[in-house]
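The values are calculated or read from the model by the stated rules, or taken from the named source; none is laboratory data. All values derive from a computational prediction rather than experimental measurement. When we count neighbours, we look across all protein chains shown, and the Cβ atoms used for this are built from the backbone with ideal geometry, even at glycine. Ligands, DNA and RNA are stripped out before the accessible areas are found, and what is left, the full protein with its side chains, is counted by its heavy atoms. Shrake-Rupley method; radii C 1.70, N 1.55, O 1.52, S 1.80 Å.
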Amino acid sequence: RFSLLLLNLEEYYFEQHTANHIINKGCRDERKFRGSLKICSKSIIFEPDDNIQPIIKIPLRDCISIKAPEDNEANNPFRRDTSGGISVVCSQVFLIKERNVITPYKTVRGRTEHLFQLDVAGKLGDVVQTLHQLYRASCLDKMGDQAAMITAILQSRLARTSFDKNRFQSISETLHMECKAEMVTPLVTNPGHVCVTDANLYFQPLNGYPKPVVQITLQNVRRIYKRRHGLMPLGLEVFCTENDLCSDIYLKFYNYQDRDELYFLIATYIENHITEHTAESYMLQWQRGHISNYQYLLHLNNLADRSCNDLSQYPVFPWIIADYSSSVLDLTKPETFRDLSKPIGALNKERLDRLLTRYQEMPEPKFMYGSHYSSPGYVLFYLVRVAPEYMLCLQNGKFDHADRMFNSLAETWKNCLDGATDFKELIPEFYENDSSFLVNSLKLDLGKRQGGKMVEDVELPPWASGPNDFLQKSQEALESQYVSEHLHEWIDIIFGYKQKGSEAVAAHNVFHPLTYEGGVDLN
């Protein structure tokens with residue numbers, strides 16, 4: 001039941017220990033649960049073996065004391081007692097996945113004590129020392145200071161360990177390179193060691209989660225891309241397939257030299273049997289009709305560093321259809337379609353005029369739109385029914401307000417046209433074959449709307465007989481004659497020459513400065 005999504009954003013999972021969680025120690029109603037104690041950079045998490053019991057998450061900043069045996073400092077709030085375990089007294093805990101159901105986290109406020117008995121008593125001293133260190137980091141006032149201290153603790157752990165060469169597939173493998181890196185998954189990253197030999201690429205997570213080692217045979221690699229991660233040139237993504245949207249591994253390095261060296265090693269290995277595709281080669285294939293509009297957009301997203309593993313750079317697709325009220329969708333009428341020559345924010349002239357007035361009065365750096373066409377929140381807005389744990393991770397254990405959920409296509413489109421701060425585009429899922437993101441098949445309790453109606457499946461336009469029919473018609477619209485004739489205009493805005501500078505201003509396509517690479521000195 002545990003996953004990295006139970007961590008906070010920017011949090012690391014360091015180590016785990018088999019332990020008992022003892023409640024009401026020494027009382028008649030004392031209870032003991034076996035499970036796994038997980039030490040994370042901002043919290044202590046206990047995952048019971050019994051699925052009915054909730055996972056317990058104790059934020060370190062809410063700890064009042066953390067004690068263990070054999071210490072005589074009487075006045076230290078972290079002094080140790082003689083219970084044979086770690087005593088954690090805190091002012092707040094979160095209960096997660098009680099009865100193994102995905103719901104918003106339950107918050108228990110008030111002073112509570114939790115006793116954890118480790119199976120390996122010899123590890124007690126090290127664990128308490130680590131917890132004290134992380135507790136001190138969590139108490140620092142400034143987020144930057146907290147992050148710096150946690151990074152120092154992480155780097156020290158990585159420096160004390162190295163890749164376990166016993167994990168090599170063959171004893172005859174030759175080591176070419178080893179360095180520190182993090183494996184990137186949506187919302188969370190996992191630190192560890194990367195190793196490249198003459199036959200394999202390996203990643204060994206520091207915490208052994210989700211498995212002790214991830215191995216990719218170089219012979220199977222089909223594509224490899226340098227990625228911009230967090231607006232810095234530190235990412236690398238490896239695919240063992242030709243056309244899949246999702247990669248086999250996405251790594252983030254601590255410096256670009258390591259990233260470039262690893263890229264060179266793998267690219268040199270695979271260049272013998274793979275041709276590198278450029279934007280120009282894809283454009284020619286598209287112009288000749290050899291690839292579909294959908295495939296072309298996927299390739300452009302890929303070349304623009306957008307990846308399913310990075311929700312802050314998730315692939316972006318356009319709104320195509322502008323008619324969500326007719327009973328029949330007529331793809332021969334131009335008015336059925338959205339104007340692809342304009343960004344979402346410029347589709348409604350009245351709203352645009354208001355935004356331009358504000359833009360003209362604004363001091364430098366000016367922007368027209370204070371939000372963006374794609375962000376983690378928008379991606380999960382669309383995907384909450386299939387990725388509820390991602391939404392809970394992003395929103396500190398809560399779903400969004402029921403009236404702000406993705407309830408209806410017509411409503412969402414109307415908001416993108418009229419809303420003061422809503423300029424979002426769509427995601428590839430709207431033009432694929434899996435309609436599960438439109439249906440609440442997990443029976444999630446996503447809340448009750450103002451009219452008393454529960455949030456269930458997404459309300460579809462009258463012209464769609466069901467979710468699958470909606471996707472099929474969306475695909476037909478994307479591949480229609482009208483879109484094929486105008487898609488390049490949208491590509492110019494999102495991926496092309498109208499992204500920045502005077503062309504962006506003329507196209508009413510200027511977003512907040514922090515959303516552009518180089519908008520701030522990240523070092």
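Quick one: Leu392 ticks every box in (1) part of a helix (DSSP H, G or I); (2) open to solvent by 20 Å² or more (accessible area, probe 1.4 Å) bar one, so which box is it?
(2)
Could you tell me which of the residues Asp403, Asp323 is touching a Leu at 6+ places or on another chain (Cβ under 7 Å), within 19 Å of Lys424 (Cα to Cα), acidic (Asp, Glu) and assigned by the TED database to the domain that holds Gln472?
Asp323
Could you please find all residues in segment 476-523 being of a type in the set (Gly, Ala, Ser), surrounded by fewer than 17 Cβ atoms within 10 Å (Cβ to Cβ) and either part of a helix (DSSP H, G or I) or touching a strand residue (DSSP E or B) at 6+ places or on another chain (Cβ under 7 Å) (or both)?
Listed by number, the residues that qualify are Ser484, Gly501, Ser502, Ala506.
For segment 232-249, does any single residue satisfy the condition of being polar (S, T, N, Q), in contact (Cβ under 8 Å) with a residue 24 or more places away in the chain, in contact with a helix residue (DSSP H, G or I) (Cβ under 7 Å, 6 or more places away or on another chain) and buried (at least 19 other Cβ atoms within 10 Å of the Cβ)?
No, the conditions are met nowhere in segment 232-249.
When only residues in segment 262-278 that are loosely packed, with under 14 Cβ neighbours inside 10 Å and assigned to a helix (DSSP H, G or I) count, which is modelled with the lowest pLDDT?
Filtering first and then ranking leaves Thr268.
With the requirement that a residue be closer than 29 Å to Asn255 by Cα and either among the polar types (S, T, N, Q) or part of a loop (DSSP other than H, G, I, E, B) (or both), what does segment 119-155 give you? Don't jump to the end; show me each part of the working.
Restricting attention to segment 119-155, the residues satisfying the condition of being closer than 29 Å to Asn255 by Cα are 130-131, 133-155.
Hits for segment 119-155 are Thr130, Gln133, Ser138, Cys139, Leu140, Asp141, Lys142, Gln146, Thr151, Gln155.
Would you be able to tell me the number of residues in segment 292-309 that are outside any helix (DSSP H, G or I), out of contact with any strand residue (DSSP E or B) (no Cβ under 7 Å at 6 or more places or on another chain) and at pLDDT below 95? It would help to see each step written out before you state the result.
Looking only at segment 292-309, we keep the residues that are outside any helix (DSSP H, G or I), and these are 292, 304-309.
From what is left, the residues that are out of contact with any strand residue (DSSP E or B) (no Cβ under 7 Å at 6 or more places or on another chain) are 292, 304, 306, 308.
From the residues that got through so far, the ones that are at pLDDT below 95 too are 304, 306, 308.
Summing the residues that are outside any helix (DSSP H, G or I), out of contact with any strand residue (DSSP E or B) (no Cβ under 7 Å at 6 or more places or on another chain) and at pLDDT below 95 in segment 292-309 gives 3.
Given (1) closer than 18 Å to Leu417 by Cβ; (2) modelled with pLDDT of 95 or more, where does Lys333 come up short, assuming only one miss?
The failed condition is (1).
Tyr431 - would you say it is of a type outside the set (A, V, I, L, M, F, W, C), closer than 17 Å to Val386 by Cα and in contact (Cβ under 8 Å) with a residue 40 or more places away in the chain?
So Tyr431 fits the description; yes.
Output the number of residues of segment 287-312 satisfying the condition of being open to solvent by 40 Å² or more (accessible area, probe 1.4 Å) and farther than 20 Å from Tyr373 by Cβ.
Selection size over segment 287-312: 5.
Within segment 407-417, identify whether any single residue is in a loop (DSSP other than H, G, I, E, B) and touching a residue at least 12 places away in the same chain (Cβ under 8 Å), and answer yes or no.
Applying the first criterion (in a loop (DSSP other than H, G, I, E, B)) to segment 407-417 yields 407.
Those still in the list that are touching a residue at least 12 places away in the same chain (Cβ under 8 Å) too: 407.
Yes, some residue in segment 407-417 is in a loop (DSSP other than H, G, I, E, B) and touching a residue at least 12 places away in the same chain (Cβ under 8 Å).
Go over the candidates Lys424, Lys473 one by one and state the one that is touching a residue at least 12 places away in the same chain (Cβ under 8 Å), open to solvent by less than 40 Å² (accessible area, probe 1.4 Å) and either part of a loop (DSSP other than H, G, I, E, B) or among the basic types (Lys, Arg) (or both).
On the way: Lys473 fails: open to solvent by less than 40 Å² (accessible area, probe 1.4 Å).
The match here is Lys424.
Do we find a residue being over 25 Å from Leu355 (Cα atoms), in the same structural domain as Gln360 (by the TED database) and not acidic (Asp, Glu) anywhere in segment 490-503?
Scanning segment 490-503 turns up no residue that is over 25 Å from Leu355 (Cα atoms), in the same structural domain as Gln360 (by the TED database) and not acidic (Asp, Glu).
Return the residues of segment 427-441 that are among the small types (Gly, Ala, Ser) and loosely packed, with under 13 Cβ neighbours inside 10 Å; say none if nothing qualifies.
Within segment 427-441, Ser441 is the sole residue that qualifies.
Does Glu178 qualify as being among the charged types (D, E, K, R) and under 27 Å from the mean Cα position of the chain (by Cα)?
Details: among the charged types (D, E, K, R): yes; under 27 Å from the mean Cα position of the chain (by Cα): yes.
Answer is yes for this residue.
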